Amino acid sequence: MKRLALFVILVCWSPAAVLAASVLPDSGRVIATRINTPPKIDGIPDEAIWGLGVIVSHFTQKNPDELTPPTQKTEVVVLYDDDALYVCARLHDTAPDSIHARLVRRDVDVETDVFTVNLDPYHDHRSGNYFAVNAAGTCLDGVRYNDTWGDGSWDGVWEGAAARFNGGWTAEFRIPFSQLRFADANPMIWGVNFKRYIARRNEEDLLNFAPRKESGFVSRFWHLEGLENLKRPHYFEVLPYVRGKAAYSKAEDGDPFHDGSEYTPAAGADFKLGLGPNLVLNATVNPDFGQVEVDPAVVNLSDVETYFQEKRPFFLEGATTFEFGYGGATNYWSSNWPAPTHFYSRRIGRTPQGDLPDNDFAKEPEGAHILGAGKITGKLKGDWNIGSLHAVTMREHAKIQYEGRESEVEVEPFTYYSVTRAQKEIRNGFRGLGGIFTTAHRFFDEQELKDQINSDAFMGGADGWSFLDSNRTYVLTGWLGASHVRGNSERMIELQRSSRHYFQRPDASHVEVDSNAASLSGWAGRLMLNKEKGPWMLNTAVGVISPGFENNDLGYMSRADVVNTHFGGGYRWTDPTKWTRYADLSAMSWTNYDFMGNNTALGLWYGTYLQFLNYWSLNLAGDLIPQTINNTRTRGGPLTLNRAGWEASVSVNTDSRKPVVLGAGTSRFIVASDHWTHSVWSSVEWKPADNFSLSLSPGLDLSRLWVQWVDVFDDPTAVNTYGKRYVFSAMNETDLYASFRINYTLTPKLSLQLYAQPYFSSADYSDFRELSKPRSFDFYTYPGSDVQFDESSNQYTIDPDGDGPAETFTFDNPDFDYRSLRGNIILRWEYRPGSTFYFVWTHGRSDDEDRGRFDWNRSCDRLFRADSDNIFLIKATFWLNV
């Protein structure tokens, strides 16, 4: 049978058949041919119907030898019927035994031979979809936006397959029109571009592309013509799921809420409904996010919240629709700019925010349960891109037991969230204008929770861009937004004093805590100029965040009260030389001020990237940082100084196509001999077979800090520091971490993945000291006779002035040793298009103590003796196209 199939392929794609089918000249057009009987998608183009199509073979090499003919011939045919678009690619290869055919799970992009179909169905020259099949049959898909950017989180329901033959390999696609968005027209013209990647040469062949010194991708697509009498099918997709979850953990004696096991069944569904030709409604009822990868372990000693990436499929799909502040420009530089994220979807279903009262035992929900969520995305007439998302999370309670009595306490209120986004593209993306509006509205049952969480939050803004010349070399882009949050006076006082605002700073003349405030408002914005073409690079920007700007209810921000500017440029060598294939050199200066005029950051950065002829790469970077003012070190206290310092880093990576891929790097930040940070990291990936890979990425961070925050204490005798003692210490910190992955793919539809992350962190606090005077780096180190440590209570007691009138103060021993192991195993089987079965085992264990001395043997011993948490999950989804 294989010989017969190969014979049919050769006949169907013989020169005679090609001539009979007709060959399209290099005209910037691809012709789609209507058919009545669809071909079978198995990777083997043995149906005669493929011979009806018009062959496209005019590819041009982008890399490594720009604007030269490809080293291998590629032929593509496009067919269609009332339901779908069909694409077949015949990828000739004079060395078929050298084809890289890596078998990986869906949507994993690796170094392998691959063929990609890029479509712009709206023909707006800015957005679209891509569908790819590699030589082993693995499928990848995603969306294109902002002309050159891509997002692989979108998952369409389509078919793709690949097969090998003596002279190369073939790929077949069936892309249902129900998965695409396009305007009503007859005939239709879409944008199209095909891309072939030949891994052994790092060769990219396309119909059309932007030269290396220019930008643009979707805007350069060829025309896909011949689509006639095509109607966008009305569709309704349903993806129900059932799930079983079993959690096992160590039960504490006397705990009435945990007996060591918990079993939780669940069911729900996702829906997709076409609303006319251009809009889609996505909805989810009782969504389940059990199969996502675990978050990494961190020890956060700063006053800034840790940002975690979104990993839930419902929020990942179409996430680019809700991006705000980006567009037009393809490169956004920044340095020391605390860029706000205006929609941070992990706020929906977040960990409950309410504090627990005194208790002996407690059971808290892991997150606020999402009762339902829906979103509408698409494009309206007049080149308007729109998106509107709405979600409702339920009221959550924690169960507590205190002195033998059980009760419940509200820890998260019933909450409604919404975000609406619209953006209009003008003159095929020459300029654009958009807006966003977000809302969070909470309904409380208990007064105590009103003191801790905002009751209402609103954020609105406008963004846009405009090219400044007809060649689209320079583009000006920017955004402006405003926020307004409401709550009771206790909550507003807490918000004003939070680490994002620090209104209580005693030497700040531009902000102060308003104890009667019932709301907080502010504004923010950024304006940036970027050079899009040519070897010379230019990027400059100014950004402002007012002291009262607050978007953390449905967004993410780390700091307010910032004025940031930078000016950067560089040069790139895109033509190969005797040593390199590509090189660039960049430099940038930046400065930050607060609204009082304090210069809080200043520096000069340089960086260079080199790709050598053997595809190894080298990164070099460094900073020079003069003395500046610090308005956050005392966490709401007076200003201090940042001493001058410097930073340098270097990293090397080997050719990613090889069976063994290595990477290593190091960085060092130095202020003085007593204040520095040093980091080293490495990575190794081993690919012994086309369907198996193993990777390990360890790292080590060493820090010696002369001042590390401990606490603040009221003391009326501390007249030099406004009646408070701001206590710091020296700190030696060691962090050792690694990520470990095994990927084993049995078929393009069946895969097994293991992920593990061991993490060890320790810190030794010593030489306790306090700030001597504001706007300085002067600290008074307490003599040993004034510092007492009580081992029984594990507390320090300090007499700040010896025999003076100041009262002693006490704080817990800040030393720590923390170690953890997190990981999971995921079996994924796509048993039919759009339908998936999962088996997931998630494992976690941790241990901590207050020794403050890193000890590898002790840490490993205690970690593997620690009690573990194990979660087993089975989930099945079934896709229905109603």
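Any idea which residue in the stretch 749-772 is nearest to Leu639 (Cα to Cα), counting only those that are among the polar types (S, T, N, Q) and part of a strand (DSSP E or B)? By that ranking, first place goes to Ser766.
Scoring Ser483 on the criteria (1) modelled with pLDDT of 95 or more; (2) outside any strand (DSSP E or B); (3) touching a strand residue (DSSP E or B) at 6+ places or on another chain (Cβ under 8 Å) leaves a single failure, condition (2). As a summary of the residue check, Ser649 satisfies the conditions (1) among the hydroxyl-bearing types (Ser, Thr, Tyr); (2) without any contact (Cβ under 8 Å) to a residue 40 or more places away in the chain; (3) under 23 Å from Val562 (Cβ atoms) except for the one numbered (3). The numbered conditions (1) closer than 30 Å to Trp149 by Cβ; (2) modelled with pLDDT of 90 or more; (3) crowded, with 16+ Cβ neighbours inside 10 Å are all true for Ser335 except (2). Counting just the residues of the stretch 186-220 that are assigned to a strand (DSSP E or B) and open to solvent by 10 Å² or more (accessible area, probe 1.4 Å), which one comes out farthest from Pro70 (Cα to Cα)? So, considering only residues that are assigned to a strand (DSSP E or B) and open to solvent by 10 Å² or more (accessible area, probe 1.4 Å), the one farthest from Pro70 (Cα to Cα) is Ile189. Taken together, the criteria exclude Ser695 from residues that are open to solvent by 20 Å² or more (accessible area, probe 1.4 Å), over 29 Å from Val304 (Cβ atoms) and touching a residue at least 60 places away in the same chain (Cβ under 8 Å). Within the stretch 214-233, residues that are in contact (Cβ under 8 Å) with a residue 12 or more places away in the chain have Cβ atoms under 8 Å from residues that are basic (Lys, Arg) and open to solvent by less than 30 Å² (accessible area, probe 1.4 Å) in these pairs: Val218/Arg126; Ser219/Arg126, counting only partners at least 6 apart in sequence or on another chain. Which members of the stretch 225-257 meet the condition of being open to solvent by less than 70 Å² (accessible area, probe 1.4 Å), touching a strand residue (DSSP E or B) at 6+ places or on another chain (Cβ under 8 Å) and farther than 30 Å from Ala84 by Cβ? Within the stretch 225-257, Arg243, Gly244, Lys245, Ala246, Ala247, Ser249, Gly254, Asp255, Pro256, Phe257 meet the criteria.
Here Ser589 meets the list (1) among the polar types (S, T, N, Q); (2) over 22 Å from Met528 (Cα atoms); (3) open to solvent by 10 Å² or more (accessible area, probe 1.4 Å) almost entirely, failing just condition (2). Only strands (runs of 3 or more DSSP E) whose full extent lies in the stretch 779-882 are considered here, and none of them has at least 2 residues that are touching a residue at least 60 places away in the same chain (Cβ under 8 Å), touching a helix residue (DSSP H, G or I) at 6+ places or on another chain (Cβ under 6 Å) and open to solvent by 80 Å² or more (accessible area, probe 1.4 Å). Among the residues of the stretch 520-544, what is the count of those that are closer than 23 Å to Ile493 by Cα and either surrounded by fewer than 18 Cβ atoms within 10 Å (Cβ to Cβ) or of a type in the set (A, V, I, L, M) (or both)? Going through the stretch 520-544 one residue at a time, the tally reaches 4. In this structure, is Leu273 in a strand (DSSP E or B) and either surrounded by 16 or more Cβ atoms within 10 Å (Cβ to Cβ) or modelled with pLDDT under 90 (or both)? Against the criterion (in a strand (DSSP E or B) and either surrounded by 16 or more Cβ atoms within 10 Å (Cβ to Cβ) or modelled with pLDDT under 90 (or both)), Leu273 qualifies.
Across the stretch 88-98, not a single residue is classified as of a type in the set (Lys, Arg) and either assigned to a loop (DSSP other than H, G, I, E, B) or open to solvent by 40 Å² or more (accessible area, probe 1.4 Å) (or both).
Residue-wise test of (1) modelled with pLDDT of 95 or more; (2) open to solvent by 70 Å² or more (accessible area, probe 1.4 Å); (3) in a strand (DSSP E or B).
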site	(1), (2), (3)
Ser407	no, no, yes
Arg421	yes, no, yes
Asn428	no, yes, no
Thr438	yes, no, yes
Gly460	yes, no, yes
Asp463	yes, no, yes
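Given the condition charged (D, E, K, R) and assigned to a strand (DSSP E or B), answer yes or no: does some residue in the stretch 353-364 qualify? There is at least one residue in the stretch 353-364 that is charged (D, E, K, R) and assigned to a strand (DSSP E or B). Here Gly434 passes the criteria (1) assigned to a strand (DSSP E or B); (2) over 24 Å from the mean Cα position of the chain (by Cα) except the one numbered (2).
Val23: open to solvent by less than 60 Å² (accessible area, probe 1.4 Å), more than 30 Å from Glu214 (Cα to Cα), modelled with pLDDT under 95 and not polar (S, T, N, Q), yes or no?
Values: open to solvent by less than 60 Å² (accessible area, probe 1.4 Å): no; more than 30 Å from Glu214 (Cα to Cα): yes; modelled with pLDDT under 95: yes; not polar (S, T, N, Q): yes.
So Val23 does not fit the description; no.
If a residue has to be of a type outside the set (Lys, Arg), in contact (Cβ under 8 Å) with a residue 40 or more places away in the chain and assigned to a strand (DSSP E or B) to count, how many in the stretch 133-159 make the cut? The number of residues fulfilling the criteria is 7. Scanning the stretch 593-613 for residues being within 30 Å of Thr640 (Cα to Cα), more than 26 Å from the chain's Cα centre (by Cα) and in a strand (DSSP E or B) gives a total of 7.
Per the conditions (1) in a loop (DSSP other than H, G, I, E, B); (2) modelled with pLDDT of 95 or more; (3) farther than 24 Å from Pro338 by Cα, the sole criterion not satisfied by Asp469 is (2). Within the stretch 176-185, none of the residues are modelled with pLDDT under 95, buried (at least 18 other Cβ atoms within 10 Å of the Cβ) and either in a strand (DSSP E or B) or in contact with a His (Cβ under 7 Å, 6 or more places away or on another chain) (or both).
Annotation: Asn428 fulfils all but one of (1) of a type in the set (S, T, N, Q); (2) within 25 Å of Val218 (Cα to Cα); (3) out of contact with any helix residue (DSSP H, G or I) (no Cβ under 8 Å at 6 or more places or on another chain); the unmet one is (3). Apart from one condition, Ala398 fits all of (1) open to solvent by less than 20 Å² (accessible area, probe 1.4 Å); (2) farther than 18 Å from Gly555 by Cα; (3) outside any loop (DSSP other than H, G, I, E, B); (4) touching a residue at least 60 places away in the same chain (Cβ under 8 Å); the exception is (4). Looking at the structure I just gave you, is Ser651 polar (S, T, N, Q), modelled with pLDDT under 95 and within 30 Å of Trp579 (Cα to Cα)? Judged against the criteria, Ser651 is not a match.
Residues of the stretch 754-768 being surrounded by fewer than 19 Cβ atoms within 10 Å (Cβ to Cβ) and not hydroxyl-bearing (Ser, Thr, Tyr), which ones?
As a first pass, look at the stretch 754-768 and keep what is surrounded by fewer than 19 Cβ atoms within 10 Å (Cβ to Cβ): 754-756, 764, 766-767.
If the condition is that a residue be surrounded by fewer than 19 Cβ atoms within 10 Å (Cβ to Cβ) and not hydroxyl-bearing (Ser, Thr, Tyr), then Leu754, Ala756, Asp764, Asp767 are the ones that fit.
The values are calculated or read from the model by the stated rules, or taken from the named source; none is laboratory data. Predicted, not measured: the structure shown is a model, and the values here were computed from it. Reconstructed Cβ throughout: ideal geometry from the backbone, glycine too, with neighbour counts over all protein chains shown. Only protein heavy atoms, including side chains, enter the accessible area calculation; ligands, DNA and RNA are left aside. Shrake-Rupley method; radii C 1.70, N 1.55, O 1.52, S 1.80 Å.
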